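**Q** This is the structure I want to talk about, given as C-alpha cells.
The values are calculated or read from the model by the stated rules, or taken from the named source; none is laboratory data. The structure presented is a predicted model; accordingly, all values stated were derived computationally and were not measured. Here the Cβ positions follow ideal geometry from the backbone for every residue, glycine too, while neighbour counts run over all protein chains shown.
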Amino acid sequence: MRSMLVIAIVVAGLGVALGAFGAHGLKRRVPEEAVKIYHTGVQYQLTHALAMILVASLVPRWISETSGMWVDLLFLLGVILFSGSLYALTLGWLKGRWGLITPVGGLFFLAGWTLLAVRAL
C-alpha cells in the first residue's frame, strides 16, 4: 500500500501544479469556458488524490489491502481518463469522439466509490 500512497501524493502534487498552470498560464491561451472545464479536471484530480490517501490510511483497519489497492487503482484510472481528457480537450489535444473518454473516467470514479462502500460494510 505504501507504493499507492506515494502515487497518491504525486497525483495530489501534480494537481496543485496543474491548478497553478490553469490559474496563471492558461487564461491567455484559451477561452474562459475552456478554463472552467480545465478546472473541473483539477478539482476531480485533487479530490480523488485525497481519497486515495485516505484509502491507503484505512488499510488494514477498515478494508483489506487488496480492496484498498483496487479502490485506489480505480480512482487513479479515473484521474487519468477523466481529468486527463479534460486537460487534453482544453489544450486542443483531443478532438471529436475522443471526448467520450471523459465519462469513462467518471465511471472508474463511481466504481471506486462503490467498491469502497461495499468493502467498508
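**Q** Please verify whether residue 55 is surrounded by fewer than 15 Cβ atoms within 10 Å (Cβ to Cβ), touching a helix residue (DSSP H, G or I) at 6+ places or on another chain (Cβ under 9 Å) and not aromatic (Phe, Trp, Tyr), treating the condition exactly as stated.
**A** no
**Q** Can you tell me how many residues within region 13-27 are surrounded by 17 or more Cβ atoms within 10 Å (Cβ to Cβ) and closer than 13 Å to residue 44 by Cα?
**A** Qualifying residue count for the region: 3.
**Q** Here is a follow-up. Which condition from (1) over 20 Å from residue 1 (Cβ atoms); (2) aromatic (Phe, Trp, Tyr); (3) at pLDDT 95 or above is the one that residue 108 breaks?
**A** Here residue 108 clears every test but (1).
**Q** Then there is this: If residue 118 passes every condition in (1) surrounded by 14 or more Cβ atoms within 10 Å (Cβ to Cβ); (2) of a type in the set (A, V, I, L, M); (3) free of Cβ contacts under 8 Å to residues at least 40 places away in the same chain but one, which one does it miss?
**A** The single condition residue 118 does not satisfy is (1).
**Q** Still on this model: Residues that are in contact with a helix residue (DSSP H, G or I) (Cβ under 9 Å, 6 or more places away or on another chain), over 19 Å from residue 99 (Cβ atoms), in contact (Cβ under 8 Å) with a residue 12 or more places away in the chain and not hydroxyl-bearing (Ser, Thr, Tyr): does region 30-44 have at least one?
**A** no
**Q** What number of residues within region 74-97 satisfy the criterion of being more than 20 Å from residue 29 (Cβ to Cβ) and surrounded by fewer than 17 Cβ atoms within 10 Å (Cβ to Cβ)?
**A** 3
For every residue, the table says whether it meets (1) of a type in the set (Phe, Trp, Tyr); (2) touching a Ser or Thr at 6+ places or on another chain (Cβ under 9 Å); (3) at negative phi.
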residue: 4; (1), (2), (3): no, no, yes
residue: 23; (1), (2), (3): no, no, yes
residue: 30; (1), (2), (3): no, yes, yes
residue: 43; (1), (2), (3): no, yes, yes
residue: 87; (1), (2), (3): yes, no, yes
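**Q** Of (1) closer than 25 Å to residue 115 by Cα; (2) out of contact with any Leu (no Cβ under 6 Å at 6 or more places or on another chain), residue 56 satisfies all except one. Which?
**A** Result: residue 56 passes all but (2).
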